[in-house]
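Inspection log for the structure reproduced underneath, given as structure tokens.
The values are calculated or read from the model by the stated rules, or taken from the named source; none is laboratory data. Quick caveat, the model's predicted, so the values are computed rather than measured. Positions of Cβ are generated from backbone atoms using ideal geometry, with glycine treated the same way; all protein chains shown enter the neighbour counts.
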Amino acid sequence: MPTKQYTVQNKAVDPNACAKALQAASWPSGVCVTRLSSPPVTFVTVESTDPDPTSFVQSFQSPAKLKVSSNAPLDPDGVPTVSADGVATQVITISTVDQFSGQPVSSSITVLPVADQGIPISPKRPQLSGGTATITVGPSSDLRDIGINFRDQAGVVMGTAIVIRFD
């Protein structure tokens with residue numbers, strides 16, 4: 001069957017997720033290829049008799065993932081580190097981003113942070129508002145590295161983890 005290619009300007013998508021979504025909709029033979037140039041471009045190939053998929057791809061969002069970062073300075077190992085003085089804390093920013101392009105994604109989800117060691121985390125179940133939330137970890141008077149896993153309570157958004165240090 002002959003095909004036709006469409007160019008969707010200024011759009012980066014996960015090609016596999018985009019193709020699956022196209023195939024589940026009206027384009028059973030749809031194929032997506034994204035180039036992360038500046039600006040990004042996505043090429044969509046469908047059968048020549050299929051409708052134009054441009055508006056579908058423009059509105060498509062790649063699956064989201066959680067992204068975390070600490071306000072603490074990085075030590076020489078690249079680990080966010082604060083003093084283990086029983087007072088210092090770390091503020092972890094949690095956000096949702098497109099897993100392919102890394103662009104922010106607005107979401108309202110509840111995140112479950114789980115530390116591999118007992119340490120105060122507040123709040124225990126942060127609610128992302130507009131795609132962002134913060135938690136406070138610590139204080140600690142023990143010298144230690146702590147791994148914290150983050151997951152979406154509903155299981156829709158891909159989780160992540162961070163290692164922080166009290167030194």
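Considering only residues that are assigned to a strand (DSSP E or B) and at pLDDT 95 or above, look in the stretch 62-78 and name the one that is farthest from Ala19 (Cα to Cα).
First, pick out the residues of the stretch 62-78 that are assigned to a strand (DSSP E or B): 64-70, 74.
Then keep just the ones that are at pLDDT 95 or above; that gives 66-70, 74.
On the way: Leu66: 23, Lys67: 25, Val68: 28, Ser69: 31, Ser70: 35, Leu74: 39 Å.
Only one residue tops the list, namely Leu74.
Restricting attention to the stretch 47-61, and to residues there that are farther than 16 Å from Asn16 by Cβ and among the β-branched types (Val, Ile, Thr), which single residue is farthest from the chain's Cα centre (by Cα)?
Among residues in the stretch 47-61 that are farther than 16 Å from Asn16 by Cβ and among the β-branched types (Val, Ile, Thr), the one farthest from the chain's Cα centre (by Cα) is Thr49.
This table checks each residue for (1) of a type in the set (A, V, I, L, M); (2) in contact with an Asp or Glu (Cβ under 9 Å, 6 or more places away or on another chain); (3) free of Cβ contacts under 8 Å to residues at least 24 places away in the same chain; (4) under 30 Å from Ser37 (Cβ atoms).
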site	(1), (2), (3), (4)
Asn71	no, no, yes, no
Thr93	no, no, no, yes
Thr96	no, yes, no, yes
Val111	yes, yes, no, no
Arg144	no, yes, no, no
Arg151	no, no, no, no
Ala154	yes, no, no, no
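Return the pairs, sorted by first residue and then second, in which the second residue is of a type in the set (Lys, Arg), the first residue lies in the stretch 4-24 and is in contact (Cβ under 8 Å) with a residue 60 or more places away in the chain, the beta carbons are less than 9 Å apart, and the residues are 6+ apart or on different chains.
Matching pairs, first to second residue: Ala12/Arg35.
Any idea which of (1) modelled with pLDDT under 95; (2) of a type outside the set (D, E, K, R); (3) under 18 Å from the mean Cα position of the chain (by Cα); (4) within 30 Å of Pro39 (Cα to Cα) is the one Ala133 doesn't satisfy?
Among (1) modelled with pLDDT under 95; (2) of a type outside the set (D, E, K, R); (3) under 18 Å from the mean Cα position of the chain (by Cα); (4) within 30 Å of Pro39 (Cα to Cα), the lone unmet condition for Ala133 is (1).
Just for the stretch 102-152: of the residues that are in a loop (DSSP other than H, G, I, E, B) and of a type in the set (A, V, I, L, M), which one is farthest from Asp85 (Cα to Cα)? It would help to see each step written out before you state the result.
In the first step, residues of the stretch 102-152 are kept if they are in a loop (DSSP other than H, G, I, E, B); the result is 102-103, 105-109, 116-120, 123-126, 128, 130-131, 138-143.
Narrowing further to those that are of a type in the set (A, V, I, L, M): 105, 109, 119, 128, 143.
Details: Val105: 37, Ile109: 33, Ile119: 14, Leu128: 30, Leu143: 9 Å.
The qualifying residue farthest from Asp85 (Cα to Cα) is Val105.
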